[in-house]
1. Return yes or no: is P459 under 21 Å from the mean Cα position of the chain (by Cα) and crowded, with 16+ Cβ neighbours inside 10 Å?
2. From the list L462, L492, L453, L458, exactly one residue is outside any strand (DSSP E or B), of a type outside the set (K, R) and at pLDDT 85 or above. Which is it?
3. Please go through the range 154-167 and give me each residue that is open to solvent by less than 10 Å² (accessible area, probe 1.4 Å) and not small (G, A, S), ordered by number.
4. Where residues in the range 360-396 are surrounded by 17 or more Cβ atoms within 10 Å (Cβ to Cβ) and at pLDDT 85 or above, which of them is farthest from the chain's Cα centre (by Cα)?
5. Is it true that some residue in the range 249-257 is open to solvent by 70 Å² or more (accessible area, probe 1.4 Å), modelled with pLDDT of 90 or more and under 20 Å from the mean Cα position of the chain (by Cα)?
6. Given the structure, is P243 in contact (Cβ under 8 Å) with a residue 12 or more places away in the chain, outside any loop (DSSP other than H, G, I, E, B) and open to solvent by 30 Å² or more (accessible area, probe 1.4 Å)?
7. In this structure, is D43 in contact with a Cys (Cβ under 7 Å, 6 or more places away or on another chain) and open to solvent by less than 60 Å² (accessible area, probe 1.4 Å)?
8. What single numbered condition from (1) in contact (Cβ under 8 Å) with a residue 40 or more places away in the chain; (2) out of contact with any Ser or Thr (no Cβ under 7 Å at 6 or more places or on another chain) fails to hold for I65?
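The values are calculated or read from the model by the stated rules, or taken from the named source; none is laboratory data. These numbers were taken from a predicted model, which means no experiment stands behind them. Ideal geometry is used to build each Cβ from the backbone, glycine not excepted, and the neighbour counts take in all protein chains shown. Side chains are part of the model used for accessible areas, which takes the heavy atoms of the whole protein and leaves out ligands, DNA and RNA. Shrake-Rupley method; radii C 1.70, N 1.55, O 1.52, S 1.80 Å.
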Amino acid sequence: MEWAMLVIMGAVTPDTIIVTTVHDCQVIDIPEELVESHDITVDWILTPTEVIQTNCQRPKPQGIIWSKVDAEMLQQIPILRKLRQKERAAGKDVQIKAEGESTKDLDNAEGKSGELDKEKVSSPGVTKWSIRQQIWDHIEKNDLANFPRPVHHRIPNFKNAAAAAEKITALKPFQQARFVKVNPDKPQENVRFLIMEAGKTLLVPTPRLRNGLFNRITPPAGANKQSLRTCATRQGIDKHSIPVGLDDMVKIDLVVCGSVAVSRKGYRIGKGEGFGDMEWAMLVTMGAVTPDTIIVTTVHDCQVIDIPEELVESHDITVDWILTPTEVIQTNCQRPKPQGIIWSKVDAEMLQQIPILRKLRQKERAAGKDVQIKAEGESTKDVQKRAEEKSGEPAKDKEKGKRRQPRGKPREKSTRERKQKAQVADTPNNQDKNSAGEARKRPPQDRDPSLTLWVGKLPGSLRVSNFKNHLRESNINPLRVIWKGNRGFAFLEFKEASDVDEAVKKLQELEISGKKVTVERAKGREEMRMKKADGKPEENAVN
């Protein structure tokens, strides 16, 4: 492939000499019928004992033989896609070989919309995750996205996103808007630029809502187009933003969001983490938006599909306008947007991760509203106290007179914590922690291993919120998820043994990013470790 690309670039010619260095034992007779059209030949062979001039009569490849290139190779080698564009522009046949794809599908590798089987995507029994997976797979397979790749678990940065963004300037809601909120994802970068170019105020949510809700982007005085384009990038947002507080009286006139899939009825599916829906709900609670605030999304044409209405939940936002590289679609959606935060859908983990959510909860509680959250085996009071302690904010029910740690210094561990650490250091599990890597696959020591499952082979890009969505859609409901995703596994703790048995059956069928996960009983892993120490056979995995 290197030689073929160099030929197309004009860096080499068929007369360019090729030399190889090998051991004498590597010089053998190769049957000519094994040599294929894309194989290079050599002119000189150098061994420790010989210098061999081959005088090869077989011509070297004259360029890339596209019929030998598959879709995976095209995806992995960016310069190969550029050379394909160059060859196509020169009128050459650049048809590639791909598994299970038609010629028409293959020809879409330059950003044209491949034919997505939209009936299959929207067929009965589909889930949000199956739709996401099919959209992501299709975009990757047809090379319909730019960096960052792969697009799985992202808002896809589809090709011609800038063309879709340009269409927003013709919308009356955009022309009338003064304050516009746009997500920080790459495909909406040109939308952000156009907002600033039009002299409007750009508001961008903080990543994963960890530091407030959103920021106001303030371009430098006298900024030209290039400066505004820089401000529209993720780096520019970080550099030129001012936090907007909960008490700031901001009224947002227009919201622009990214999507994984949308329907012409206005139904939307995001990447599965729930932050887009949560942002809207928090804005409603703050009074920054109303049910009449317009929502626009920009997507590739292949992302516009039929989404079954039964998949749309009460917390899901809907969109009023869909902009693609080829269409402007007004959805006239009849489904109302969420009226605020649905606290029963908020769990303890989300409450811990999003500080401003805790403040909004206090505000809603003070207004007499029901703010009971969905928590795993703990009361609302416990969740609130734990979240406040983790954030470093003083909890209301902390004992008075307790000494506070000075700022800038690490928190001193309590006597209880030091004792617990000493106890852990003396446990057998900790002593043999490095034995065959087995310790990482054991359940936490304060849990019953017979009620715990170990789930492995998790993709490195998978986030815990996505993993939990997979579990919910498979009707697997553990009491607790102990996440070790950066190491490719997690523990699931259950209440009853029957729940464990049922979960094993379902997990054996669970696929994430096209690959089946591995599930093992944590109890069996403890027994396996003991058997290994006794020199007995190891226990087999459940899957």
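1. Against the criterion (under 21 Å from the mean Cα position of the chain (by Cα) and crowded, with 16+ Cβ neighbours inside 10 Å), P459 qualifies.
2. One residue alone meets the criteria, L458.
3. Listed by number, the residues that qualify are P156, F158.
4. Among those that are surrounded by 17 or more Cβ atoms within 10 Å (Cβ to Cβ) and at pLDDT 85 or above, it is V371.
5. no
6. yes
7. yes
8. Failing condition for I65: (2).
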